[in-house]
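Each value in this text was obtained by applying a stated rule to the coordinates, not by laboratory testing. Here the structure is a predicted model, which is why all the values come from computation and not from measurement. Every residue, glycine among them, receives a Cβ derived from its backbone with ideal geometry; neighbour counts consider all protein chains shown.
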Amino acid sequence: MTDKMLSRRDGAIGQMIFNQPEKHNAVSLEMWEAAERIMREFEADRSIRVLVLSGAGGKSFVAGADISEFEKQRDSAEAQARYNSRTRAVYRLVENFPKPTIAMIHGYCIGGGLNLACACDLRVCSETASFGMPAARLALGYPFEAIQRLANIVGIANARLLMFSARRIDADQALRIGLAQQVAPLERLEATVEELAKEIAGNAPLTVRAMKFISAQVLADPADRDLAKCDAMVADCFASEDFKEGRRAFMEKRKAVFRGE
């Protein structure tokens with residue numbers, strides 16, 4: 001594991017931290033590979049109910065790809081295809097992670113970092129956050145899935161404005177267009193994310209997992225939707241011990257203790 005990717009467990013909350021602050025947490029190929037290993041571990045750990053993604057150093061969430069690697073990792077069409085395939089797999093892993101994901105954003109959230117944030121379920125940012133899609137200024141191609149993620153969140157017109165202009169927007173505008181779900185003062189950002197993560201983690205895991213999967217199916221092409229799995233996941237919720245606990249807690253006027261069973 002590279003020390004440029006960090007992970008820790010805070011109770012039911014898993015933390016994955018991009019740790020290359022001297023480059024605004026630009027992501028290298030080894031960091032993508034380490035991120036995949038961290039997420040696989042958190043996915044398998046039943047005690048983890050929420051995953052928070054963040055960037056170290058206080059100046060950036062993630063500022064896209066590590067351009068210093070381009071000469072080595074993306075110097076030919078074949079190398080470019082390999083690199084794109086590897087990074088695409090990690091974005092998809094974040095997007096399809098079975099537990100809720102929160103991007104905790106301060107400072108720059110640019111290019112590939114914006115794509116990563118859009119792959120998360122929720123985005124909570126500080127007042128200092130800055131978002132941008134600079135591909136048009138760098139003559140970079142931007143793939144279908146990345147554009148689709150952005151458009152699904154902010155709408156196609158706002159996505160086009162960000163892409164065509166390559167301008168940066170601040171936290172208030174991100175909140176207005178739905179890119180951010182909450183904005184907090186910088187000194188309150190971690191506490192705000194922790195409060196949200198604990199709120200989610202305290203809810204019934206089977207229900208939250210079903211809601212995440214089904215909400216993704218809402219956005220999928222109708223021909224690709226797995227409605228049978230949606231029905232099965234809903235049925236599992238009603239057949240669970242947590243459903244019994246939820247009913248008991250409601251009748252006894254106490255907070256339910258859910259075990260994901």
Legend entry - Calculated over the chain: convex hull of Cα atoms, volume per residue (Å³): 140
Legend entry - Under the Debye formula (equal points on every Cα, no solvent term), log10 I(q)/I(0) of the stretch 206-261 at q = 0.13, 0.17 Å⁻¹: -0.40, -0.59
Inset, instruction - Which order do the peptides 91-104, 182-195, 50-63 take when ranked by the mean count of other beta-carbon atoms within 10 Å per residue, highest first? - result: 50-63, 91-104, 182-195
Inset, instruction - Round to the nearest 10 and give me the degree value, 0 to 90, for the angle of helix 227-238's Cα axis relative to the longest principal axis of the chain. - result: 40
Legend entry - For the stretch 203-252, with +1 on Lys and Arg beta carbons and -1 on Asp and Glu, the positive-most of 216, 243, 228 along the dipole: 243
Inset, instruction - Please find the FRET efficiency linking residue 161 to residue 257, where r is the Cβ-Cβ separation and R0 is fixed at 51 Å, and quote it to the nearest 0.05. - result: 0.65
Inset, instruction - Answer rounded, prolate or oblate for the stretch 188-228, using the Cα gyration tensor with square roots of eigenvalues a ≥ b ≥ c: rounded when a/c is under 1.5, else prolate when a/b is larger than b/c, else oblate. - result: oblate
Legend entry - When each of 198/229; 212/244; 198/244; 99/253; 212/255; 229/253 is checked by Cα-Cα distance, pairs over 25 Å: 198/229; 99/253; 229/253
Inset, instruction - Taking the chain as the reference, fit the longest principal axis to its C-alpha atoms, fit the long axis of helix 156-165 to the helix C-alpha atoms, and give the angle between the two in degrees, 0 to 90, nearest 10. - result: 30
Inset, instruction - Can you tell me what the convex hull of the Cα atoms of the stretch 159-261 projects to on average, as an area in nm²? - result: 9.9
Inset, instruction - Please name which of 61, 159, 204 has its Cα lying farthest along the dipole of the chain towards the positive end, using unit charges on Cβ (Lys, Arg +1; Asp, Glu -1) and the Cα centre as origin. - result: 204
Inset, instruction - Return the lysines within reach of residue 23: Cα separation strictly under 18 angstrom, same-chain partners fewer than 8 residues apart disregarded; answer none if there are no such residues. - result: 4, 59, 72
Legend entry - Mean residue ellipticity (222 nm) of the chain, computed from DSSP H runs ≥ 4 via -39,500 (n - 2.57), nearest 500: -15000 deg cm²/dmol
Inset, instruction - Measure nothing but the geometry: give the 0 to 90° angle between the long axis through the Cα atoms of 241-252 and the longest principal axis through the Cα atoms of the chain, rounded to 10°. - result: 60
